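Shown next, in structure tokens, is the structure this report addresses.
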Amino acid sequence: MATPKHSSSSSPSSFTSHFIIVLAIILLQYSGNIVTVSSVLLVGLKNHNNNNVHHRRPMLQANQSSCALFMGNWVHDDTYQPYQYSCPIIDPEFNCQMYGRPDTDYLKFRWQPANCQIPRFNGGEFAARMRGKSVMFVGDSLGRNQWESLICMISAGLPAASPTQIIRGDPLSVFKFLEYGITVSFYRAPYLVDIDSVQGKRVLRLGDIRGNGNAWTGVDVLSFNTGHWWTHKGALQGWDYMDVDGTLYQDMDRLVAMERGMRTWANWVDSNIDTTRCRVFFQGISPTHYNPSEWNAGSVSTAKSCYGETMPTTGSTGYPGIYPDQMKVVQVVLSSMNKPPFLLDITLLSAMRKDAHPSIYSGDLTAEQRANPDHSADCSHWCLPGLPDTWNQLFYTALFFLH
């Protein structure tokens, strides 16, 4: 699971903006810290008609008004919930309604990007377009969060009798929509690079990804994520030693280690992925909400977690909290790639959703844990149905409507 800790960084206080229309990315610079906000120029999505949106083919045009896909606001909307909590693929730790969450308003907010409308997810349309193809999410449990959401969203758009198959394993789990020949997989690799067992010790190979990478070849759509596990310490740490060029270290600066590992991954993508046949995405860092003082600036709060939060953050003039240091590493590495993936930049929009975590409504908690939310609330992962459905709506938009 993602770490119940925050990484610290300075809060940005001012910015200068500039456009670089390369792979549709806008860079906003906050006091020397570059905050990447992927934006796209969506011609044909602005003021679209929902009835025919799936028949329209928007194109990128630099001379038209732009839609900042990952900048906007959450608006209340009672009309849309893509699936029910009875979707059988949802892990207990994400199934908040099944495990007693009493409120439902967190399900009734729609992401509204600046200056455009985006198509609602259509599971039947997704299946038809992806017939015979494969999608794989690679990374940690935040990737699994999105993987399960996507399966439920596709399933909700297909007939109940449409045959499916699931094969759960570690590191690879595969869900198949048999009628369409579609596979939607999750490959667990929280660091992306390899971990080997050497004399009973776990060695994190910062310069080696061949073991994991072999499983990712031949996939039509790849979506990667990493970040949270790099800061784990103590019992949550996933390795005993780090290997750098043949030398073993018991520890090192975690962000330096993450950058080394991500550069190994980036070199693998640049060398092994044919981007004419494989679409590559990278999921931005999913924020946590363990410190109410970060989103309640100036107020005194006795709470110590996201427990009891039922509404998104509103009226913020900047990033609501501490911008993740790991995201800065992601930006630096992606900007250096020859074939950079599409950045699914969900960090800011997710930071506004302090209300959307499982908190104590997670299936693996005991009664004693539920009675002590300050120590047991999960403010890292997200409820399903919930926020990852928006990630997938944006994934859907980028996959089918941006060219």
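Which residue out of Ser185, Ser141, Ser155 is within 27 Å of Ser376 (Cα to Cα), touching a residue at least 40 places away in the same chain (Cβ under 8 Å) and among the polar types (S, T, N, Q)? Give the steps one after another, and end with the answer.
Details: Ser185 fails: within 27 Å of Ser376 (Cα to Cα); Ser155 fails: within 27 Å of Ser376 (Cα to Cα).
Criteria check complete, one pass: Ser141.
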From the set of residues in region 109-166 that are surrounded by fewer than 16 Cβ atoms within 10 Å (Cβ to Cβ) and hydrophobic (A, V, I, L, M, F, W, C), which is farthest from Val330 (Cα to Cα)? Ala161
Residues of region 85-108 being in contact with a Ser or Thr (Cβ under 7 Å, 6 or more places away or on another chain) and buried (at least 17 other Cβ atoms within 10 Å of the Cβ), in sequence order, are Cys87, Glu93, Tyr99, Tyr106
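Among the residues of region 334-383, write down those that are among the aliphatic types (A, V, I, L, M) and not in a loop (DSSP other than H, G, I, E, B). Steps first, answer last, please.
So the first thing to find is which residues in region 334-383 are among the aliphatic types (A, V, I, L, M), and the list is 334, 337, 343-344, 346, 348-349, 351-352, 356, 360, 365, 367, 371, 377.
Within region 334-383, Leu334, Leu343, Leu344, Leu348, Leu349, Ala351, Ala367 qualify.
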Unique residue being over 22 Å from Gln331 (Cα atoms) and not β-branched (Val, Ile, Thr) when the list is Asn225, Asn267, Asn212: Asn212
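Taking Val244, is it under 25 Å from Pro324 (Cα atoms) and free of Cβ contacts under 8 Å to residues at least 60 places away in the same chain? Quick ask: steps written out before the conclusion?
Working: under 25 Å from Pro324 (Cα atoms): yes; free of Cβ contacts under 8 Å to residues at least 60 places away in the same chain: yes.
Yes; evaluated as a whole, the condition is true for this residue.
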Qualifying positions in region 234-270 - assigned to a helix (DSSP H, G or I) and among the small types (Gly, Ala, Ser): Gly234, Ala235, Ala257, Gly261, Ala266
Filter result for the condition that a residue is among the aromatic types (Phe, Trp, Tyr), touching a Phe, Trp or Tyr at 6+ places or on another chain (Cβ under 7 Å), surrounded by 15 or more Cβ atoms within 10 Å (Cβ to Cβ) and farther than 30 Å from Ala398 by Cβ, over Tyr307, Tyr241, Tyr249: Tyr241
I'd like the full set of residues that are of a type in the set (Asp, Glu), part of a loop (DSSP other than H, G, I, E, B) and within 19 Å of the chain's Cα centre (by Cα), limited to region 76-94. Asp91
With the first residue restricted to region 79-94 and required to be closer than 15 Å to Leu107 by Cα, and the second required to be assigned to a loop (DSSP other than H, G, I, E, B) and among the hydrophobic types (A, V, I, L, M, F, W, C), Cβ contacts under 6 Å at 6 or more apart or on different chains are Pro82/Phe121; Tyr85/Met98; Phe94/Leu384
Tell me yes or no: at least one residue of region 340-359 is more than 17 Å from the chain's Cα centre (by Cα), under 30 Å from Pro82 (Cβ atoms), crowded, with 23+ Cβ neighbours inside 10 Å and of a type outside the set (Asp, Glu). yes
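Mind telling me which of the residues Asp325, Asp389 ends up being in contact (Cβ under 8 Å) with a residue 12 or more places away in the chain, among the acidic types (Asp, Glu) and touching a Pro at 6+ places or on another chain (Cβ under 9 Å)? Step through it out loud before you land on a result.
Values: Asp325 fails: touching a Pro at 6+ places or on another chain (Cβ under 9 Å).
Exactly one residue qualifies, and that residue is Asp389.
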Failed criterion for Thr275 (all others in (1) at pLDDT 95 or above; (2) under 17 Å from Asn338 (Cβ atoms); (3) surrounded by fewer than 18 Cβ atoms within 10 Å (Cβ to Cβ) hold): (1)
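Quick check on this structure: which one of Leu222, Leu255 is under 20 Å from the mean Cα position of the chain (by Cα), over 24 Å from Leu394 (Cβ atoms) and among the hydrophobic types (A, V, I, L, M, F, W, C)? Walk me through how you get there before you give the answer.
On the way: Leu222 fails: over 24 Å from Leu394 (Cβ atoms).
After applying the criteria, what remains is Leu255.
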Over 29 Å from Thr347 (Cβ atoms) and not charged (D, E, K, R): does that describe Tyr180? yes
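The values are calculated or read from the model by the stated rules, or taken from the named source; none is laboratory data. Since the structure is predicted, the reported quantities are computational estimates derived from the model, not experimental observations. Cβ sites come from the backbone with ideal geometry, for glycine too, and all protein chains shown count toward neighbours.
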